[in-house]
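The values are calculated or read from the model by the stated rules, or taken from the named source; none is laboratory data. Note that the structure is a prediction, hence the values are computed from the model and not measured. No Cβ is skipped: glycine too gets one built from the backbone with ideal geometry, and neighbour counts run over all protein chains shown. Each accessible area value is taken on the protein alone, full model and side chains, heavy atoms only, with ligands, DNA and RNA left out. Shrake-Rupley method; radii C 1.70, N 1.55, O 1.52, S 1.80 Å.
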Amino acid sequence: MSTDARSLLAAPGAPAGGRGRSALRRIGLGALVLLGLAAAVGAVLVGALRGGGAASSVPLAPATSSPAPAAPSLVLVHVLGAVARPGLYELAEGDRVVDAVAAAGGFTAEADQAALNLAQVLADAQQVQVPRVGEAPPAPPGGAAAGTAAGGLVNLNTADLAALDTLPRVGPSTAQKILDWRESNGPFTSVDDLLAVSGIGEATLEGLRDLVTV
């Protein structure tokens, strides 16, 4: 067979093989592009889902409110005598005579400051009279000792040393201990609180139970 004949026989097959390989290469590239696009879309969807889940999982802090503080109990006290502004004053329960004097503007120049027990705890409806120097302290109505309640009972929360000293088995030393306890712990809430005072036992308490009040 001549060279021309062989060329003619081989010519038709050669182009066919080259086109097949080119087609396969194009199909392979297209598949890779599609796979890349699918992966990108999947990554976007996963990110969106994760972002939504994170946002929804954040807990909301519960609203809290602090309770309003309770208003302190008040006592009404009448302050008169050698103070700058005599009158009626409302003070907090547990305040002392010194607080009442301060509310009334303080002592005047002629006040006898030593005549008062400034550490005494105030009681509602109490009258605090500040005497002037050389002036005798005013006696309570009816001539009763300071701190004596209606019926002649000695009020453990308002009685001074002289009133406490009138009680049986209570001399000046024990009376001062009662005043010291009151100053350190505040008003007596019960007659039984006397047992907490040094020097007062059950026997003394029973002898005082019908003579004192709070």
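Miscellaneous remarks
- Taking 0.36 nm per residue of separation and subtracting the current Cα-Cα distance, fully stretching the chain between Glu202 and Ser73 would add 43.2 nm.
- Three-way shape call for the stretch 163-211 based on the alpha-carbon gyration tensor, with the a/c threshold at 1.5: oblate
- Cα-projected label distance for Glu90 with Asn117, points at 7 Å along beta-carbon direction, nm: 2.8
- With protein chains left intact and a 1.4 Å probe, residues in the stretch 163-214 average 51 Å² of accessible area per residue.
- Extension gain (nm, one decimal) between Asn185 and Arg169, 0.36 nm per residue minus Cα-Cα: 3.5 nm
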